[in-house]
1. Criterion first (within 21 Å of the chain's Cα centre (by Cα) and farther than 19 Å from G309 by Cα) does S364 satisfy it?
2. Within the stretch 198-247, which residues are open to solvent by 30 Å² or more (accessible area, probe 1.4 Å), under 25 Å from L48 (Cα atoms) and not in a helix (DSSP H, G or I)?
3. Please determine whether any residue of the stretch 363-376 is at pLDDT 90 or above, touching a helix residue (DSSP H, G or I) at 6+ places or on another chain (Cβ under 8 Å) and among the aliphatic types (A, V, I, L, M).
4. Looking at the stretch 319-342, which of its residues are of a type in the set (G, A, S), out of contact with any Lys or Arg (no Cβ under 6 Å at 6 or more places or on another chain) and surrounded by fewer than 24 Cβ atoms within 10 Å (Cβ to Cβ)?
5. Every residue in the stretch 136-153 that is aliphatic (A, V, I, L, M), open to solvent by less than 20 Å² (accessible area, probe 1.4 Å) and under 15 Å from Q313 (Cα atoms), please.
6. I'd like to know if the stretch 343-357 contains one or more residues that are open to solvent by less than 30 Å² (accessible area, probe 1.4 Å), among the hydroxyl-bearing types (S, T, Y) and either touching a residue at least 60 places away in the same chain (Cβ under 8 Å) or more than 21 Å from L210 (Cβ to Cβ) (or both).
7. So, in the stretch 266-283, how many residues would count as being β-branched (V, I, T) and surrounded by 17 or more Cβ atoms within 10 Å (Cβ to Cβ)?
8. Any idea how many residues of the stretch 154-176 are of a type in the set (A, V, I, L, M, F, W, C) and either farther than 24 Å from W256 by Cβ or in contact with a Ser or Thr (Cβ under 8 Å, 6 or more places away or on another chain) (or both)?
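The values are calculated or read from the model by the stated rules, or taken from the named source; none is laboratory data. Worth saying up front: this structure is predicted, and the values here are computed from it rather than measured. Don't worry about glycine lacking a Cβ; one is built from the backbone with ideal geometry, like all the others, and counts go over all protein chains shown. All accessible areas refer to the heavy atoms of the entire protein, side chains included, with ligands and DNA or RNA removed. Shrake-Rupley method; radii C 1.70, N 1.55, O 1.52, S 1.80 Å.
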Amino acid sequence: MLDTQQKLQSNISKVLFINFSYMFLVLIPVIVPFFQQYGLSMEQIYILQSIFAISTVVLEVPSGYVADLLGRKNSLIAAGIFSGCGMLILNFSESFYGFILFELLTAISVSLFSGSDVALIYDTLAQLKHKSFSESAVLGRKIFSSQIGETAASLLGGALALYSLNLPAKIHAITAWIPFLIALTLYEPPRKKMDKLRHLENLRYIYNSLFRKSRLLTLIVLNLMVYGVSTLLAVWAFQGYWKMIDVPLYYFGYLWAAYNLIVAITGKYAHTAERKLGSVGVIIIIAILPIIGYFGMGYFVFWAGILFGLAFQVSRGLGQVILRDALNARVTADFRATANSIASLGVRLSFAFLGPLMGFLIDSEGYSITFYCFGGFYIAAFFVFCLPLLAQRKHFRELVDND
């Protein structure tokens, strides 16, 4: 039998592999053409994603709260079951309403998964006597594992799509069950938990901790939301953009793989970038890159625009490590999964409103005008969200130094 320390050590490797397999999304690099072969417009595709986003909005915080009360392992097991069932449904769907059911099941899975893996990592590291990596370094490895999984799946999905757009969906229906099988073997570290019978008091405690006690923590959560949705919106525009500039379907898998590889590498070395550039420098980069990406893709509506799309991937890799670590380092273990779910909720809720707007603008005005509009929005976001975070961080450092 493995002793506790060995179980904790293996937990990290298992969570990383769960992230790899969970993001082994064989269909994703060609999912827009997959939907379009059934007659869906870009507006309908964005509506599907908005349904997914609204569903996760409804489920995000409750699922994180359940993970805090009932265990991260149980949450990850359930996420694996819903993910597998969702992909099975997709393979038997040929209409918009069938795809809605797929999105709903996937939303349940994502909500259960969201925050539980990060919370389990921090719980595990807190119990390990000898840590080989810092929390931010492990977060970087988590992002690396996720994106390498999506990169490998992109290459496979792109190649399979040359034979049939339905073939990646069939393979994905099999691989979607791997996270469930790995989650069964996880070890749940002991930790302080909230009272299972005092839900109102628990929710008040979580709200006060995130939005009343620390302005710095509140701004960290808001920036996670704002810059999380900046890349999510762009991601769902990429494939239609490539199709618009006549990129052959053959290259979709390679492009999707390259984009995700950039996220993987950026995430893995994000803590190194923070150490060399400082957190202020990295946060500014996270905020500036979406502006560059939107205006670059809007102005260079050809292959050069594809290169500007990489700006979103760098921002995503940095943000998912630096801002996510800033959140998790400042919350306690008893509501960590809920805190991560609240940040993800903000991203999904924002997408639920902004996604259909982007889809409508693309269909009616074209990609250039749409990207210019969203580039302007993120110029405003820099002043409204990013600069106050930097100012508050400086104030926090001054308080610490004075102490």
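1. Values: within 21 Å of the chain's Cα centre (by Cα): no; farther than 19 Å from G309 by Cα: yes.
When the stated conditions are applied, S364 does not pass them.
2. Correct list: D246 only.
3. yes
4. In the first step, residues of the stretch 319-342 are kept if they are of a type in the set (G, A, S); the result is 319, 326, 329, 333, 337, 339, 341.
Next, only the ones that are out of contact with any Lys or Arg (no Cβ under 6 Å at 6 or more places or on another chain) stay: 319, 326, 329, 337, 339, 341.
Listed by number, the residues that qualify are A326, A329.
5. Let us first name the residues in the stretch 136-153 that are aliphatic (A, V, I, L, M), namely 137-139, 143, 148, 152-153.
Within this subset, residues satisfying the condition of being open to solvent by less than 20 Å² (accessible area, probe 1.4 Å) are 137-139, 143, 153.
Within the stretch 136-153, I143 is the sole residue that qualifies.
6. Applying the first criterion (open to solvent by less than 30 Å² (accessible area, probe 1.4 Å)) to the stretch 343-357 yields 343-344, 346-347, 351-352, 355.
Narrowing the set further to residues that are among the hydroxyl-bearing types (S, T, Y) leaves 344.
Subsequent filtering for residues that are either touching a residue at least 60 places away in the same chain (Cβ under 8 Å) or more than 21 Å from L210 (Cβ to Cβ) (or both) retains 344.
Yes, that holds for at least one residue.
7. We begin by selecting, within the stretch 266-283, every residue β-branched (V, I, T); these are 266, 272, 280, 282-283.
Add one more test, that the residue is surrounded by 17 or more Cβ atoms within 10 Å (Cβ to Cβ), and what stays is 266, 282-283.
Final tally of qualifying residues: 3.
8. Start the filter on the stretch 154-176 by keeping residues that are of a type in the set (A, V, I, L, M, F, W, C), which leaves 155-156, 159-162, 165, 167, 169, 171, 173-174, 176.
Pick out the ones that are also either farther than 24 Å from W256 by Cβ or in contact with a Ser or Thr (Cβ under 8 Å, 6 or more places away or on another chain) (or both) and you get 176.
Matching residues across the stretch 154-176 total 1.
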